[in-house]
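Notes to accompany the following structure.
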Amino acid sequence: MTEVTVARRRTTSAVLIYLIVLMSFQIFLVTVADQAFMTASKSLAWATAAVSVVLAFLAALCLRFLRH
Amino acid sequence: MTQDSGSADDPLHTEAEPIWKRDFPYEAAEEEEVTRREFARYLTLGIGAMAAGSVGLAAWTQLRTINTGEPRPVVALHRVAIGETFLFDYPTPQDPAVLLRLDDTRVVGFSQKCTHLGCVVYFEPEESRWHCPCHEGNFDGSSGEVLSGPPTSPLGKIELEVRDGTIWALGREV
């Protein structure tokens, strides 16, 4: 296995770990959104949605980084 | 690591078909291995779907209308002793509610759902408070404000009025 291949594998693994962390945070946000819905807390629901969308963009950026 | 050291003697074994496949000839619909890049793509898709779900939930929270209920009689005042509670449904049969008679003329009503996770609260007369047994949440008996525990918002209040000896529910406060 060449050094370049090893480096790529490490990068892929690092990005994967980052994505898994993002996914965990996203799952937490879904529970917060559910709580906001149950308590009719509009401001909390929108704040949660905004953070959730930012996380999705970050994840998409990671995936794009992987393709290069 | 070789899968079969005796494969050279086995005419049925080939490189394309490992020996375990011959022994267990079952195939799943998607049997191919998932690469890390594919897994990363699935994760990203999942994160995107959850973000879309959060936005949808926020929109639903914003747009939904809360049924505050129509005025209707609940129970005759004389049937509820001072310091006692009476269970009823308001504004719909799916919304458990409870009222507490404070004195001769004053009654207070609340949704029976705890504002933490929706468990049913009950009145503790010795402490003069509403208690949620699920996570030890406590609310003030007459105002419904949070006293202790995990809830952060007060019990949903139902406006009550005594008319000609009958307790009426007028609507749920939002």
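Each reported figure results from applying straightforward, stated rules to the coordinates on display, with no laboratory input. All values reported here derive from a predicted model rather than from experimental measurement. Don't worry about glycine lacking a Cβ; one is built from the backbone with ideal geometry, like all the others, and counts go over all protein chains shown.
Take every pair of alpha-carbon atoms less than 8 Å apart whose residues are at least six positions apart; their mean separation over the length of segment B:72-172 yields a relative contact order of 26 percent. If the chain linking B:Val120 and B:Trp20 were pulled fully straight, counting 0.36 nm for each residue of separation and taking away their Cα-Cα distance, it would gain 30.4 nm.
Would you mind classifying segment B:43-174 by shape? Square roots of the alpha carbon gyration tensor eigenvalues, ordered a ≥ b ≥ c; an a/c under 1.5 is rounded, otherwise it is prolate if a/b is larger than b/c and oblate if not. Verdict is oblate for segment B:43-174. Build a GNM of chain B with springs between Cα atoms under 10 Å apart, and of B:Tyr122, B:Tyr42, B:Tyr26 the one that fluctuates most is B:Tyr26. Across segment B:119-126, rounded Karplus estimates of 3J(HN,Hα) from the backbone phi angles (6.51 cos²θ - 1.76 cosθ + 1.60, θ = phi - 60°) give 5, 7, 8, 9, 8, 10, x, 5 Hz, Gly and Pro being marked x. For segment B:107-163, the Cβ-based charge dipole about the Cα centre amounts to some 220 debye (Lys, Arg positive; Asp, Glu negative; other atoms uncharged). Can you tell me the 0 to 90 degree angle between the C-alpha axis of helix B:36-63 and the longest principal axis of chain B, rounded to 10? Here the helix axis deviates by roughly 20 degrees. With both labels modelled 7 Å from their Cα along Cα-to-Cβ, the B:Trp60 to A:Val54 distance reads 2.5 nm. Each helix, a run of at least 4 DSSP H residues, gives -39500 (n - 2.57); summed and divided by the residues of the protein assembly as shown, these come to -14000 deg cm²/dmol at 222 nm. Compute the helix-to-body angle for A:3-38: its Cα long axis versus the longest principal axis of chain A, expressed 0 to 90° and rounded to tens. The answer is roughly 10 degrees. Among B:Lys21, B:Lys113, B:Lys157, the largest mean-square fluctuation in a Gaussian network model of chain B (Cα springs under 10 Å) belongs to B:Lys21. Within the protein assembly as shown, the ratio Rg/Rh, alpha carbon atoms throughout and Rh by Kirkwood, equals 1.28. The long axis of helix A:42-67 is offset from the longest Cα principal axis of chain A by roughly 10 degrees.
How big is the dipole moment of the protein assembly as shown about its Cα centre under a simple scheme where the beta carbon of each Lys and Arg is +1, that of each Asp and Glu is -1, and everything else is neutral? Debye, nearest 20, please. Don't jump to the answer; show the numbers that get you there.
Working: 21 positive and 30 negative charges, 219 e Å.
With only Lys, Arg, Asp and Glu charged at Cβ, the dipole is about 1060 debye.
Select from B:Thr92, B:Thr61, B:Thr35 the residue whose mean-square fluctuation is largest in a Gaussian network model of chain B (Cα-Cα springs shorter than 10 Å). Between B:Thr92, B:Thr61, B:Thr35, it is B:Thr35 that shows the largest mean-square fluctuation. Let a ≥ b ≥ c be the square roots of the eigenvalues of the Cα gyration tensor of segment B:84-145; is it rounded (a/c under 1.5), or, if not, prolate (a/b larger than b/c) or oblate? In terms of gyration-tensor shape, oblate. Starting from the Cα of A:Ala40, move 7 Å in the Cα-to-Cβ direction to define the label point; list residues of segment B:110-151 whose amide nitrogen is under 11 Å from there. Within reach of a label on A:Ala40: no residues. Taking a Cβ cut-off of under 14 Å around B:Gly149, the surrounding Lys, Arg, Asp and Glu residues balance to a net charge of -4, with basic ones at +1 and acidic ones at -1.
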